[in-house]
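*Asks:* My questions all concern the structure below.
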Amino acid sequence: MSAHHTTSFRPVTVPPLAGRKRLTLPAFRLPAWAISWLQVSPLAFILIVLFALPTILFLAVSFFDYDRTGIYPAFILDNYHDLLSTPSTYRVYLSSLKFASIVWAITLFLGFNIAWFLVHHIRSAMVRTVLFLLCAIPFWTSGIIRTIAWIPFLGRNGAFNQILMALHITDKPLEFLLFSDFAVIVTYVHLFTLLMIGPIANSMAKIDPALLEAARDAGASRWQVMLNVVIPLSKTGIALGSILVFTQVMGDYFVVRQMSGGQSASIVSMLSTEIQAMQYPPASANAMVLVVFVAIMVAGMMRVVDVRKELVK
Amino acid sequence: MMVGGTPRERITGNRPWTFRLLVILFTLYMAFLYGPMLVIYVLSFQGENGGVTFPMVGTSVTWFQAILQPGQMANIPVSFSRSVSLAAVVSGLTVVFSVAAGLGFRRNFPGSGVVFYLALASLVMPSLLVGFGIGLGFQFLGWQPSLFTSALGAQLTWTLPFGLFAMFAVVNRFNRSWEEAARDLGASAWQRLRYVTLPILLPGIIGVAMGAFTLSYDEYARTTLTIGPKNTLPLEIYALISSATSPTLFAIGTLTTGGSFLVIAVTLIVVMRLQRRRTAASLKVG
């Protein structure tokens with residue numbers, strides 16, 4: 001693919017044939033890489049000014065000193081020391097990591113199978129579009145509303161308990177459904193499965209059906225086709241979806257606060273308490289630790305699948 | 001077109017057992033996805049004396065009327081119009097910048113790796129931290145955060161990487177030989193872009209625009225520390241939750257879904273018209 005693309009693109013115009021004059025000859029032609037730079041520069045500029053510089057800023061602030069009245073430029077490691085010597089820091093990281101891995105496993109299972117169903121099993125393009133839209137429409141409602149939508153559903157007198165009791169599966173309402181780790185995980189899966197379906201479906205759509213037929217003809221079982229053809233060819237989507245779901249859960253501060261009933265905290269909710277108290281240096285240190293943690297996890301996933309090589313062809 | 005199964009299966013329509021299993025899974029997922037949504041649609045018609053949970057105490061449209069009246073806690077109509085105008089600007093900028101960058105990434109250029117990882121980092125950065133950094137920066141510079149400065153910037157750090165990654169997928173499917181044919185026929189760079197590249201990429205570009213609009217419209221964590229004194233809709237909703245919960249929130253959810261269906265229907269019709277016109281044009285040419 002990439003070889004074809006680079007060779008077939010000719011940045012320099014072919015010299016005009018002898019005897020045939022071109023009417024407009026550009027006096028000056030930018031080299032191809034310079035055109036790319038011009039095209040990419042607005043995006044790069046915004047990301048540098050609004051993402052990279054602020055990140056460097058709170059990296060600097062994380063070494064600052066502070067008291068109740070203000071913050072003072074300094075280079076001290078106290079903020080990190082305080083953070084890393086508090087047992088609750090590790091507890092919160094551990095609990096976030098637990099949520100992230102459970103939600104990752106569930107959304108991966110759901111996302112992969114649903115993407116496969118939509119891309120491979122649905123034959124009509126129209127039906128496929130409609131089903132995709134059905135998956136996407138709840139995404140349009142505010143995440144906050146979708147989170148609290150679970151409260152009347154899972155609550156003591158909620159719809160789910162009513163259904164269970166009407167079906168005589170249980171004779172008294174289940175209490176563990178709401179304001180628990182269970183509720184947190186259910187909400188995350190509800191919010192983030194689409195982030196898995198999208199990238200995986202995109203990867204799967206590029207698989208040539210002839211490959212699957214060839215594998216079947218060569219005697220591969222359904223399971224073998226899945227394992228040796230479909231999964232390897234969808235790995236970019238799987239990696240991208242995993243990165244998105246994982247980082248969303250690690251960066252969440254609304255769902256845990258709302259749905260755990262105060263039993264769990266999240267890293268970012270801890271951080272936002274510090275920000276509200278205007279304790280910017282410890283909040284910055286906290287933020288840096290989270291950034292490094294997420295970066296290491298994402299880099300680990302990128303080592304397994306080189307997303308860049310697969311995406312930019 | 002993706003067509004599953006062996007040729008015999010395709011003709012007789014026999015589906016493998018995995019198909020049935022996946023239909024069940026998909027149906028269950030739909031029930032899971034829409035179950036709580038249906039509950040809030042129903043509860044948004046809660047009677048005047050009812051609360052945010054079952055049982056229903058009669059039915060009414062009180063909560064829909066409540067949306068339109070500016071309350072003490074939240075002013076929904078004004079914050080809604082702020083959210084929509086911000087989302088429109090974000091969506092426009094995202095389309096222009098990410099389509100340009102997506103086209104730029106088709107060639108290898110020095111520094112492409114840096115830009116790629118910058119975009120990826122911006123995408124995976126915990127959202128609140130982006131807002132925190134920008135908010136800090138504004139504070140240091142002595143600037144007042146506001147809707148179309150800091151909040152707009154904070155949202156772009158989220159929608160631009162999304163747009164870029166979506167454009168990779170769109171551009172990958174684009175067949176370069178169309179452009180070459182246009183070039184061989186003497187089209188200028190501008191003509192190639194205007195009459196060949198952009199029309200072919202249009203469905204993907206509409207997708208990017210709609211995606212960016214949605215991301216901006218729902219954005220909470222990046223915006224909360226960068227918005228200044230005037231809230232967007234998600235921030236108003238958050239304020240409503242922390243004060244007193246009423247079925248108004250559910251009414252907002254119901255209206256949003258209704259609006260989404262409307263927008264999607266209109267978009268589908270437009271895209272289908274486009275495709276029909278294109279097919280007709282290509283038939284005429286062919």
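*Asks:* Scanning for something of a type in the set (Val, Ile, Thr) and surrounded by fewer than 18 Cβ atoms within 10 Å (Cβ to Cβ), does the range A:148-158 turn up at least one residue?
*Replies:* No, because not a single residue in the range A:148-158 is of a type in the set (Val, Ile, Thr) and surrounded by fewer than 18 Cβ atoms within 10 Å (Cβ to Cβ).
*Asks:* In the range A:112-149, what residues are touching a residue at least 60 places away in the same chain (Cβ under 8 Å) and in contact with a Ser or Thr (Cβ under 6 Å, 6 or more places away or on another chain)?
*Replies:* A:THR147
*Asks:* Could you tell me how many of the residues in the range B:28-86 are small (Gly, Ala, Ser), in a loop (DSSP other than H, G, I, E, B) and over 27 Å from B:THR223 (Cβ atoms)?
*Replies:* So the answer is 5.
*Asks:* If only one of B:LEU225, B:LEU240, B:LEU268 is closer than 23 Å to B:ALA151 by Cβ, within 10 Å of chain A (Cβ to nearest Cβ) and outside any loop (DSSP other than H, G, I, E, B), which one is it?
*Replies:* Criteria check complete, one pass: B:LEU240.
*Asks:* Regarding B:GLY135, is this residue closer than 30 Å to B:TRP190 by Cβ and either at pLDDT below 90 or in the same structural domain as B:THR224 (by TED's automatic domain parsing) (or both)?
*Replies:* Considered against the rule, which asks whether it is closer than 30 Å to B:TRP190 by Cβ and either at pLDDT below 90 or in the same structural domain as B:THR224 (by TED's automatic domain parsing) (or both), B:GLY135 comes out as no.
*Asks:* From the list B:LEU185, B:LEU147, which one is over 17 Å from B:VAL96 (Cα atoms), more than 11 Å from chain A (Cβ to nearest Cβ) and touching a residue at least 60 places away in the same chain (Cβ under 8 Å)?
*Replies:* Every option except B:LEU147 fails the conditions.
*Asks:* Ok, one more. Quick check, is A:THR187 polar (S, T, N, Q) and under 21 Å from A:VAL305 (Cβ atoms)?
*Replies:* no
*Asks:* Whether any residue in the range B:192-199 is touching a helix residue (DSSP H, G or I) at 6+ places or on another chain (Cβ under 9 Å), surrounded by 14 or more Cβ atoms within 10 Å (Cβ to Cβ) and over 18 Å from B:ARG278 (Cα atoms) is what I want to check.
*Replies:* Checking the range B:192-199: not a single residue is touching a helix residue (DSSP H, G or I) at 6+ places or on another chain (Cβ under 9 Å), surrounded by 14 or more Cβ atoms within 10 Å (Cβ to Cβ) and over 18 Å from B:ARG278 (Cα atoms).
*Asks:* Related question: Within the range A:85-128, how many residues turn out to be within 18 Å of A:PRO209 (Cβ to Cβ) and of a type in the set (D, E, K, R)?
*Replies:* The total comes to 2.
*Asks:* Here's something else I'd like to know. Which is more than 22 Å from A:ALA136 (Cα to Cα), aliphatic (A, V, I, L, M), modelled with pLDDT of 85 or more and crowded, with 20+ Cβ neighbours inside 10 Å, of B:LEU233, B:LEU215, B:LEU225?
*Replies:* B:LEU225
*Asks:* Something else now. State whether one or more residues within the range B:109-121 are at the interface with another protein chain (Cβ under 7 Å from one of its Cβ atoms) and touching a residue at least 12 places away in the same chain (Cβ under 8 Å).
*Replies:* yes
*Asks:* Determine whether B:VAL196 is part of a helix (DSSP H, G or I), in contact with a Gly (Cβ under 6 Å, 6 or more places away or on another chain) and more than 10 Å from chain A (Cβ to nearest Cβ).
*Replies:* No; evaluated as a whole, the condition is false for this residue.
*Asks:* If you don't mind, there's one more thing I want to ask. Give the residue, chosen from B:ALA66, B:ALA87, that is more than 17 Å from B:ALA212 (Cβ to Cβ) and more than 8 Å from chain A (Cβ to nearest Cβ).
*Replies:* Answer to the selection: B:ALA66.
*Asks:* Right, something else. Enumerate the helices (runs of 4 or more DSSP H) found wholly within the range A:220-296, keeping only those where 1 or more residues are among the charged types (D, E, K, R) and touching a residue at least 24 places away in the same chain (Cβ under 8 Å).
*Replies:* By residue number, A:235-250.
*Asks:* Criterion first (among the polar types (S, T, N, Q), at pLDDT below 85 and assigned to a helix (DSSP H, G or I)) does B:THR256 satisfy it?
*Replies:* So B:THR256 fits the description; yes.
*Asks:* Give the range B:106-119 a look and list any residue that's at pLDDT 90 or above and surrounded by fewer than 22 Cβ atoms within 10 Å (Cβ to Cβ), or say none.
*Replies:* Those that are at pLDDT 90 or above and surrounded by fewer than 22 Cβ atoms within 10 Å (Cβ to Cβ): B:VAL114, B:PHE116, B:TYR117, B:LEU118.
*Asks:* Give the residues of the range B:150-195 that are within 15 Å of the chain's Cα centre (by Cα) and β-branched (Val, Ile, Thr), sorted by residue number.
*Replies:* Listed by number, the residues that qualify are B:THR157, B:THR159.
*Asks:* Next question. Restricting attention to the range A:55-63, does a residue exist that is farther than 27 Å from B:LEU156 by Cβ and either within 7 Å of chain B (Cβ to nearest Cβ) or more than 27 Å from the chain's Cα centre (by Cα) (or both)?
*Replies:* Yes, there is a match, as at least one residue in the range A:55-63 is farther than 27 Å from B:LEU156 by Cβ and either within 7 Å of chain B (Cβ to nearest Cβ) or more than 27 Å from the chain's Cα centre (by Cα) (or both).
*Asks:* I would also like to ask the following. Check A:ILE71 against each of (1) within 30 Å of A:VAL249 (Cβ to Cβ); (2) in contact with a Pro (Cβ under 8 Å, 6 or more places away or on another chain) and name the one condition it does not meet.
*Replies:* Of (1) within 30 Å of A:VAL249 (Cβ to Cβ); (2) in contact with a Pro (Cβ under 8 Å, 6 or more places away or on another chain), only one is false for A:ILE71: (1).
*Asks:* Kindly list the number of the only condition in (1) buried (at least 21 other Cβ atoms within 10 Å of the Cβ); (2) within 12 Å of chain B (Cβ to nearest Cβ) that fails for A:PRO173.
*Replies:* (1)
*Asks:* A further question follows. With the condition being out of contact with any Phe, Trp or Tyr (no Cβ under 8 Å at 6 or more places or on another chain) and under 30 Å from B:PHE80 (Cβ atoms), I'd like the helices (runs of 4 or more DSSP H) fully within the range A:111-213 carrying at least 2 qualifying residues.
*Replies:* A:125-136, A:143-148, A:150-154, A:181-205
*Asks:* Could you look through the range B:124-144, keep only residues that are of a type in the set (Phe, Trp, Tyr) and surrounded by fewer than 24 Cβ atoms within 10 Å (Cβ to Cβ), and pick out the one that is nearest to the other protein chains (Cβ to nearest Cβ)?
*Replies:* The residue in question is B:PHE140.
*Asks:* Select from the range B:43-65 the residues that are crowded, with 16+ Cβ neighbours inside 10 Å and of a type in the set (A, V, I, L, M) and list them in ascending order.
*Replies:* B:LEU43, B:VAL52
*Asks:* Residues A:PHE153, A:PHE182: which one is more than 12 Å from chain B (Cβ to nearest Cβ), without any contact (Cβ under 8 Å) to a residue 12 or more places away in the chain and of a type in the set (Phe, Trp, Tyr)?
*Replies:* A:PHE182
*Asks:* I've got another one for you. Yes or no: B:ALA87 among the hydrophobic types (A, V, I, L, M, F, W, C), closer than 30 Å to B:THR149 by Cβ and modelled with pLDDT under 85?
*Replies:* no
*Asks:* For the range B:35-54, how many residues are farther than 16 Å from B:LEU255 by Cβ and more than 7 Å from chain A (Cβ to nearest Cβ)?
*Replies:* 5
*Asks:* Can you pull out every residue in the range A:273-290 that is surrounded by fewer than 22 Cβ atoms within 10 Å (Cβ to Cβ) and either among the charged types (D, E, K, R) or out of contact with any Ser or Thr (no Cβ under 7 Å at 6 or more places or on another chain) (or both)?
*Replies:* Across the range A:273-290, the qualifying residues are A:THR273, A:GLU274, A:GLN276, A:ALA277, A:MET278, A:GLN279, A:PRO282, A:VAL289.
*Asks:* Then there's this: Tell me which residues, restricted to the range B:150-179, are more than 9 Å from chain A (Cβ to nearest Cβ), more than 12 Å from B:THR94 (Cα to Cα) and not polar (S, T, N, Q).
*Replies:* B:ALA151, B:VAL170, B:PHE174, B:TRP178
The values are calculated or read from the model by the stated rules, or taken from the named source; none is laboratory data. The model shown is predicted, which means the values in this text are computed figures rather than measured ones. When we count neighbours, we look across all protein chains shown, and the Cβ atoms used for this are built from the backbone with ideal geometry, even at glycine.
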